[in-house]
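J.: Okay, handing you the structure first.
The values are calculated or read from the model by the stated rules, or taken from the named source; none is laboratory data. Because the structure is a prediction, the values reported are computed rather than measured. Every residue, glycine among them, receives a Cβ derived from its backbone with ideal geometry; neighbour counts consider all protein chains shown. With ligands, DNA and RNA removed, areas are computed over all heavy atoms of the protein, side chains included. Shrake-Rupley method; radii C 1.70, N 1.55, O 1.52, S 1.80 Å.
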Amino acid sequence: SFSLLGFTGLIQKFSGADISISLISLLGGIEMVRVIHRIASLGLMFGTIYHLGTSGYKYYVKRSPISMLPTLKDITNAWGVFLHNLKLQKSRPQQGRYTFDEKFEYWAFVWGTLVMGLTGFMLWNPISTARFLPGIIIPAAKAAHSGEALLAVLAIAIWHFYNVHIKHLNKSMFTGYISEHEMLEEHPIELADIKAGIAEIPQDPKVVAK
């Protein structure tokens, strides 16, 4: 849904470009592009609601630790990685189940989804929105929606693709597993806890593939 939203959104944002004109025509015109964009937005919203539901059950019913929350340690880890990349620090910081950059990307997506969802709903229903809010909110929502969308696409294309698909091909979204080597590189504290049998979150015996 995100890829479809990014694609159909960008060709609307840059609708005057030759490639956008060709793609819009290929998809059946601007109205059809908007329909596809809105259907994809519903997919993203339903996915978000499902995620909130399963996370709520996991954390508040099963009492699993909320390990995705940022901590002060993430700030020092980020600084340590920065120094390591500049060759000013010999070793990378030891990180646990989620690295600081994974947390940053997750919460950036949460913020982006909130902004895009609210502004997108306003643009989808401008007349209803103007009944409750000043009319100036519609062009403001358009500017925020467009700018946040471009930022999100660039973040995924540059940050996410490099860390997950280029630096090392992480196939866990397809397999559900991560290699021991990968864990040693990215999540050594979590790996040590699993091997010691004290991991906070119960692990499937096959999680660490040797």
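So that you can scan it fast, the table gives a plain yes or no per residue for (1) assigned to a helix (DSSP H, G or I); (2) open to solvent by 50 Å² or more (accessible area, probe 1.4 Å); (3) touching a His at 6+ places or on another chain (Cβ under 7 Å); (4) modelled with pLDDT of 90 or more:
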{"residue": "GLY120", "(1), (2), (3), (4)": "yes, no, yes, yes"}
{"residue": "GLY147", "(1), (2), (3), (4)": "yes, no, no, yes"}
{"residue": "TYR162", "(1), (2), (3), (4)": "yes, yes, no, no"}
{"residue": "MET183", "(1), (2), (3), (4)": "yes, no, no, no"}
{"residue": "PRO205", "(1), (2), (3), (4)": "no, yes, no, no"}
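J.: Could you list, in sequence order, the residues of region 127-145 that are under 18 Å from HIS37 (Cα atoms) and either small (Gly, Ala, Ser) or open to solvent by 50 Å² or more (accessible area, probe 1.4 Å) (or both)?
T.: Those that are under 18 Å from HIS37 (Cα atoms) and either small (Gly, Ala, Ser) or open to solvent by 50 Å² or more (accessible area, probe 1.4 Å) (or both): ALA141, LYS142, ALA143, ALA144.
Every residue, every condition in (1) under 19 Å from LEU150 (Cα atoms); (2) part of a helix (DSSP H, G or I); (3) within 25 Å of the chain's Cα centre (by Cα), yes or no:
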residue	(1), (2), (3)
LEU5	yes, yes, yes
SER20	yes, yes, no
GLY28	no, no, no
ILE36	yes, yes, yes
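J.: Also: With the condition kept exactly as written, say whether any residue in region 71-87 is open to solvent by less than 30 Å² (accessible area, probe 1.4 Å), out of contact with any helix residue (DSSP H, G or I) (no Cβ under 6 Å at 6 or more places or on another chain) and of a type in the set (Gly, Ala, Ser).
T.: Looking for residues that are open to solvent by less than 30 Å² (accessible area, probe 1.4 Å), out of contact with any helix residue (DSSP H, G or I) (no Cβ under 6 Å at 6 or more places or on another chain) and of a type in the set (Gly, Ala, Ser), one finds at least one in region 71-87, hence yes.
J.: Do you know which of the residues in region 43-62 that are open to solvent by 60 Å² or more (accessible area, probe 1.4 Å), free of Cβ contacts under 8 Å to residues at least 24 places away in the same chain and not hydroxyl-bearing (Ser, Thr, Tyr) is nearest to GLY120 (Cα to Cα)?
T.: Going through the qualifying residues, I end up with PHE46.
J.: Suppose we keep only residues that are open to solvent by 50 Å² or more (accessible area, probe 1.4 Å) and part of a helix (DSSP H, G or I) within region 164-179. Which one would you say is farthest from MET116 (Cα to Cα)?
T.: THR175
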